[in-house]
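Okay, so here's the structure we're looking at.
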Amino acid sequence: MTQIKAAVCRAFGTPLTIETVTIAAPQLGEVEVTLKACAICHSDISFIDGAWGGTLPAVYGHEAAGHISALGDGVRGVSVGDPVVVTLIRACGTCPSCAGGKPVACETGFEGSPLSASDSTPIHQAMYTGGFAERVVVDQSQVVKLPDTIAMEAASLLACGVITGVGAVVNAAQLRAGQDVVVIGAGGVGLNAIQGARIAGARRIVAVDMSEEKLAIARDFGATDGVLGTDPKPWQSAKQAMGRGADAVFVTVGATPAYDTAPRYLANGGKVIMVGMPHSGAMSSYEPVMLAATGQGMVGSKMGDVVIARDIPWMVDLYEQGRLKLDELISGRWSLDQINEAIADTKTGSAKRNVIVFD
């Protein structure tokens, strides 16, 4: 048992409290990672605000990177001292989804938490990670070894936002070179979908956002065109920029109006890739005859449908070649004690990714 500092959520919609908590030693197949960085994802904020329910008290945070500081029995492939990225993708390796190459959809439930409060009451390790803390204990399936050359702040982004955006393009949409793309939302995940489309060889990449500032940033990441979502019919402007409808439309924001209009951007045979997550209970509606008549479709994409042992090393290599932007995604660096200010800044919508940096 080790005592660490963590940002604990004790009531939805209230500030996190910095507490000294206890973390258990890694058990069979687990690793302990002393964190250097943990980025703030909008999914963390949605959970903290109570949008999806959940168990409290809890420690959130799931975009993390650091160095392995202890190993449980039976761990293979990593050693104490190794730099790793820590993801929320915990995979049993044997269920039908894992065996079929879809570890993000692992069907095995996992219970228990290594975290407890000073009075020994359990603290939920949210999303199997609990990264708003100085250390985490996670299953070995959740970590990927990194080269010593990559900065931990940049590496932490690979745990969710980058793999979700890039993976949605290359895995879920299976985009081919020369196809046309619309990305709705130019936030952290949207920018990664944009650069994923650029890497995949898209002909036209149209960013749609409510902010001119974000559209300018989207062009830096590879968007060829920008359309304001405040336009009366932004899909018409997008089609004009492409000269046709899109082969793939990526909805990277959790807003139902974006989902309502997404099919309007499509070409015949195109697909809407559903990435952003609205609050529980939110509903969208479609005219199914139009999808059927035009051969269009909609598909959900969880965490970019990635296989982290395959996809993260590939993305690290792209980063080291200068073809994948990571450092440019970081808007600000904050200490753990500043986490509530960092969350408030993220809520303004101006930040690409704020990162909590540990000493």
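Could you please find all residues in segment 280-307 being within 19 Å of S43 (Cα to Cα), under 16 Å from the mean Cα position of the chain (by Cα) and not polar (S, T, N, Q)? Step through it out loud before you land on a result.
Start the filter on segment 280-307 by keeping residues that are within 19 Å of S43 (Cα to Cα), which leaves 280-283, 300-306.
Narrowing the set further to residues that are under 16 Å from the mean Cα position of the chain (by Cα) leaves 300-306.
Once the filter is applied, which keeps residues that are within 19 Å of S43 (Cα to Cα), under 16 Å from the mean Cα position of the chain (by Cα) and not polar (S, T, N, Q), segment 280-307 yields G300, K302, M303, G304, D305, V306.
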Within segment 8-22, take every residue that is closer than 13 Å to S118 by Cα and under 25 Å from the mean Cα position of the chain (by Cα) and give me the one that is surrounded by the fewest Cβ atoms within 10 Å (Cβ to Cβ). I18
Read through the list (1) surrounded by fewer than 19 Cβ atoms within 10 Å (Cβ to Cβ); (2) β-branched (V, I, T); (3) not in a loop (DSSP other than H, G, I, E, B), then give the number of the only condition that V85 fails. (1)
Name the single residue, out of those in segment 102-119 being in contact (Cβ under 8 Å) with a residue 12 or more places away in the chain and open to solvent by 70 Å² or more (accessible area, probe 1.4 Å), that is farthest from G72 (Cα to Cα). K102
Just name the residue that is farthest from Q142 (Cα to Cα) out of those in segment 88-100 that are open to solvent by 40 Å² or more (accessible area, probe 1.4 Å) and assigned to a loop (DSSP other than H, G, I, E, B). G100
Take the conditions surrounded by 18 or more Cβ atoms within 10 Å (Cβ to Cβ), touching a residue at least 24 places away in the same chain (Cβ under 8 Å), of a type outside the set (G, A, S) and in contact with a Ser or Thr (Cβ under 8 Å, 6 or more places away or on another chain) and apply them to V75. Does it pass? no
Matching residues in segment 23-52 - criterion: being of a type in the set (A, V, I, L, M, F, W, C) and either out of contact with any strand residue (DSSP E or B) (no Cβ under 9 Å at 6 or more places or on another chain) or open to solvent by 20 Å² or more (accessible area, probe 1.4 Å) (or both): A24, A25, L28, I45, F47, A51, W52
Please give the number of the condition A51 fails out of (1) of a type outside the set (S, T, Y); (2) at pLDDT below 95; (3) in contact with a Gly (Cβ under 8 Å, 6 or more places away or on another chain). (3)
Consider only pairs whose beta carbons are under 7 Å apart and that are at least six residues apart or on different chains; among these, list those whose first residue lies in segment 136-157 and is within 21 Å of E30 (Cβ to Cβ) and whose second residue is of a type in the set (F, W, Y). V138/Y128; Q142/Y128
Matching residues in segment 261-283 (among the polar types (S, T, N, Q), touching a helix residue (DSSP H, G or I) at 6+ places or on another chain (Cβ under 8 Å) and not in a helix (DSSP H, G or I)) number 1
Would you confirm whether any residue within segment 23-33 is closer than 20 Å to C160 by Cα and either touching a Leu at 6+ places or on another chain (Cβ under 6 Å) or hydroxyl-bearing (S, T, Y) (or both)? yes
Filtering segment 120-133 down to residues that are β-branched (V, I, T) and in a loop (DSSP other than H, G, I, E, B), which residue is surrounded by the most Cβ atoms within 10 Å (Cβ to Cβ)? T129
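Restricting attention to segment 134-146, which residues are open to solvent by 40 Å² or more (accessible area, probe 1.4 Å) and either part of a strand (DSSP E or B) or within 24 Å of A193 (Cα to Cα) (or both)?
We begin by selecting, within segment 134-146, every residue open to solvent by 40 Å² or more (accessible area, probe 1.4 Å); these are 134-135, 140, 145.
Correct list: R135, K145.
The values are calculated or read from the model by the stated rules, or taken from the named source; none is laboratory data. Just so you know, these numbers come straight off a predicted model, no measurement behind them. Here the Cβ is made from the backbone with ideal geometry for all residues, glycine too, and neighbour counts use every protein chain on show. Surface accessibility is based on the protein's heavy atoms, side chains included, excluding ligands, DNA and RNA. Shrake-Rupley method; radii C 1.70, N 1.55, O 1.52, S 1.80 Å.
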